[in-house]
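Taking it in order: structure first as structure tokens, then the write-up.
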Amino acid sequence: MTEHARTSVSGTEVLDAIVIGAGFAGMYQLYRLRDGLGLKVQGLEAGGGVGGTWYWNRYPGARCDTESHAYWYTFTTDLMKEWQWSERYPGHVEIVRYLNFVADKLDIKRCFRFNTRVVGATYDAAANVWRVRTDNGDELSATYLVTAVGCLSTANVPKIPGLESFKGKWFHTGQWPHEGVDFTGKRVAQIGTGSTGIQSAPVIAETAAHLTVFQRTANYSVPASNAPLSDSFREYVKNNAELIRQNMRASANGQPFFNSDRLALETPEEDRQALYEVAWRRGGLQFRGTFQDLLANKAANDTAAEFIKNKIRAIVKDPKTAELLADIDHPYAAKRPPIDSGYFETFNRDNVSLVDVRNNPIEAITPDGIRLRDGTEHKLDIIVFATGFDAMTGPLLRLNIRGRDGLELAKVWEGGPRNYLGLQVAGFPNLFTVTGPGSPSVLCNMPVCIEQHVEFIADAIAHMRKNGLKTMETTEAEMEKWVAEVNRAANATLLPQATHSWYLGANVPGKPRVFMPYAGGMQNYRKICENVAANNYQGFVLSA
Ligand code: N01
């Protein structure tokens, strides 16, 4: 590491950059700034090791929905050739192992302070530095501050009256105990049927005495069809690393496959069903790409929705349970589409039941379990909250960031997130947010959008240093234009029609309803950013 530290007015060392988070984003950002630009960089991480999302999300069945040969770094094909995945979708243990492999390979860990949570960051305009405080009492200063805190790292535990009185144990899937949870012989409740709940229920059911799934909103799911990878596929990946990387970078969702050009509505019914059937058997997120118009046209979407609902009715034996599971009120993939390993089949087990909390909501948690509005009480030993996250804005707002003149990020985002390209907020010079709201992030395969942001930020900082520029900051006007573009892109799809989606912040009571991720496609977003950089970082004010 080259030393570029300078001394601040107060005498404390000023780093070049601070990177918050040691997941996919923070690790790569630290590496790019340290080894690519020769900066003095300090990483700060709340967890006890690298992994980010995967450090915390160790719940039963936690597995990535993106196929393993696309869920890794692609900035160098060397890493792609050195690592071998064991299954079609990587499980959380294997992903953490992979990230440790990369961290060791890049010699990243020594530059991170683990078990260190950032509790405040304030811009000091006179010194042009960010002053960062941690829960260990540390104070650090740096010219550039990069947040790499993930989009789904602030657990949403609903405020249900009586939780503190519960005599059993409760857990949130996103803060899962590292020693695991033993469900053997226990009466378990799972609240939530999003991607997480759909993964965890089948695994919890294997050992619990009884599992009761509390469903507020029924959800689609397509089989993952997970399986061990064959040697020949692994060989294919190794020999085609560059092609896979190019395809991921060129596709709308950062996946190694492209959506079909076929239109559902122009395909005869018999062929359409046959194509859905093939996609169902192949499994995975690719189902969404069966037709081009699925997310743009409601009538087209209805054909996919009906296909999946019929599958649910065919799988689940109890007609009442099947109807409840198939009673889905939003277009397919307007919420993040889950994939599963035996989710609907789980409801055929004798030790699993489904409870509708849409029409009969949870009223309270009692010392012995969960009570519903109609007075029914479910006696429980363990409650699992698979209730999601205060997504995208939550992880940033809890950093307690203040920009120029003490301007609070929370104040600027009172009515919902506003920024430019998902990367910068006016009033917060030299602060960069990797996969912030307003970027493709959660609508894309995360490592792909992370790499693009990390590289953009590193290039921008290199540009500033080369040209003797001290600050980079966007403007109110640029933010306004970008927010309009984010809204335009979302409204061109069916995504906003799922009114209870976390994409809109609707899962957190009181959170502003604003469509947060950029739905214009990763490949288009990449071009926008390339043009911005090529035009002297258009939309950012660079000051000497
Ligand atoms: O969270 P969610 P998640 N009472 O918000 C319900 C990523 N991910 O953790 O829909 C009763 O989707 C809520 O009901 P409703 C992926 O991007 C990735 O499952 O709000 N129920 C919903 O059913 C995903 O989208 C992977 O009506 C309550 C559920 O809890 C994102 O993480 C795996 C409730 C929350 O679903 C989040 O998924 C898993 C209440 N008070 C997740 N509050 C991989 O790729 C909430 N709910 C591996």
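The values are calculated or read from the model by the stated rules, or taken from the named source; none is laboratory data. What you see is a predicted model; the values in this text were computed from it and never measured. Every residue, glycine as well, gets a Cβ built from its backbone with ideal geometry; the counts of neighbours run over all protein chains shown. Keep in mind that these areas ignore ligands, DNA and RNA; they rest on the heavy atoms of the full protein, side chains included. Shrake-Rupley method; radii C 1.70, N 1.55, O 1.52, S 1.80 Å.
Could you give the alpha-carbon Rg of the chain over 2.2 N^0.38 Å, rounded to two decimals? Please report the intermediate quantities before stating the final value.
Numbers: Rg = 23.5 Å, N = 544, 2.2 N^0.38 = 24.1 Å.
Dividing the Cα radius of gyration by 2.2 N^0.38 Å gives 0.98.
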How do E480, E306 rank by accessible surface area computed with a 1.4 Å probe, from largest to smallest? E480, E306
Using the Karplus curve 6.51 cos²θ - 1.76 cosθ + 1.60 with θ = phi - 60°, what ³J(HN,Hα) values do you get for each residue of segment 475-489, in whole Hz, with x for Gly and Pro? 10, 4, 4, 5, 4, 4, 5, 5, 4, 5, 5, 4, 5, 4, 4
Towards the positive end of the charge dipole of segment 468-544, with charges on Cβ (+1 Lys, Arg; -1 Asp, Glu), say which of S501, C529, V541 has the farthest Cα. S501
Dipole check, the chain, charges on Cβ (K,R +1; D,E -1), about Cα centroid: among G61, P417, L79 the Cα furthest to the positive pole belongs to P417
Solvent-accessible area of W56 with every protein chain in place, 1.4 Å probe, in Å² to the nearest 10: 80
Counting only protein heavy atoms with a 1.4 Å probe and every protein chain in place, the carbon and sulfur fraction of the accessible surface of segment 292-389 in whole percent equals 46
For the chain, what is the accessible area per residue in Å² when the probe is 1.4 Å? 40
Isolated Cys in the chain, by beta carbon distance under 4.7 Å: C64, C111, C151, C529
At 1.4 Å probe size, with the rest of the protein present, what percent of the exposed accessible area of segment 188-252 is carbon and sulfur atoms? 50
If ligands, DNA and RNA are left out, what is the accessible area of K411 with a 1.4 Å probe, given in Å² to the nearest 10? 120
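Would you mind checking the pairs K317/K379; K159/K186; K481/K511; K159/K320; K309/K511 and listing those with alpha carbons more than 28 angstrom apart?
Working: K317/K379 25 Å; K159/K186 24 Å; K481/K511 22 Å; K159/K320 30 Å; K309/K511 31 Å.
Going by Cα-Cα distance, K159/K320; K309/K511 fall outside the 28 Å limit.
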Measuring from centroid to centroid over Cα atoms, what is the spacing of segment 251-320 and segment 113-131 in Å? 47
When ranked by the protection proxy of mean other Cβ atoms within 10 Å per residue, highest first, what sequence do the peptides 333-340, 296-303 form? 333-340, 296-303
Only helical DSSP H runs with n ≥ 4 go in: add -39500 (n - 2.57) per run for the chain, normalise by residue count and round the 222 nm mean residue ellipticity to 500 deg cm²/dmol. -9000 deg cm²/dmol
Calculate how many DSSP beta bridges within the chain are antiparallel, expressed in % of all such bridges and rounded to the nearest 5. 45
